[in-house]
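Comments concern the structure below.
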Amino acid sequence: MFKLKRLGNWLLPILWTLQIFYFSSLPRGAYPKNDEQHFVTGYLQYLYHFGQFFCLSLLVYRAILCSSVSTRIANPRSHVVKHALLAIAMIAFLDELIQVPVPTRKFTVRDLMTDVAGGGFGLLIVQMGKRSKDVKRIELDRRTAG
């Protein structure tokens, strides 16, 4: 049962990564659309990359934090961010590699950097939220102690 719970922590990040890889393996213009919808081109595609990896970073952070591996680390939260960012960078690199053999696609450093920036921003938001909670807890402890 314990192993099933650990797998459950990783199910969402794995599924999210697979959908990223799936859409990366499609040639440009092969996305499902109707007359009112068109694939976003230009600079808005970078917002898509940023958003995809922003969400992925939150899922990976949670999975690493909830897994038993993170509890064995002396200071888990400081290492979780590093491990999550490394995982995001590796997934972003693989995402770009998947596009190499696909017609109308290519490996671009700009996409890679946008992916990592989105993931890094997600982890930054998590850290800012954690610090905010820590400050509130410290203030509450001071009020109750004094």
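Of the residues PRO13, PRO27, which is touching a Pro at 6+ places or on another chain (Cβ under 6 Å) and modelled with pLDDT of 65 or more? Only one candidate passes the filter, namely PRO27. For beta carbons closer than 8 Å, sequence separation of 6+ or different chains, a first residue in the range 92-113 that is farther than 17 Å from PHE53 by Cβ and without any contact (Cβ under 8 Å) to a residue 40 or more places away in the chain and a second that is open to solvent by less than 50 Å² (accessible area, probe 1.4 Å) and not acidic (Asp, Glu), the qualifying pairs are LYS106/GLN99. Could you grab me the full set of residues in the range 126-146 that are at pLDDT 85 or above and open to solvent by 70 Å² or more (accessible area, probe 1.4 Å)? Of everything in the range 126-146, just one residue is at pLDDT 85 or above and open to solvent by 70 Å² or more (accessible area, probe 1.4 Å), namely MET128.
Annotation: VAL69 fulfils all but one of (1) of a type in the set (Val, Ile, Thr); (2) at pLDDT below 95; (3) open to solvent by less than 50 Å² (accessible area, probe 1.4 Å); the unmet one is (3).
The values are calculated or read from the model by the stated rules, or taken from the named source; none is laboratory data. All values reported here derive from a predicted model rather than from experimental measurement. Ideal geometry is used to build each Cβ from the backbone, glycine not excepted, and the neighbour counts take in all protein chains shown. Heavy atoms of the whole protein, side chains included, go into the accessibility calculation; ligands, DNA and RNA do not. Shrake-Rupley method; radii C 1.70, N 1.55, O 1.52, S 1.80 Å.
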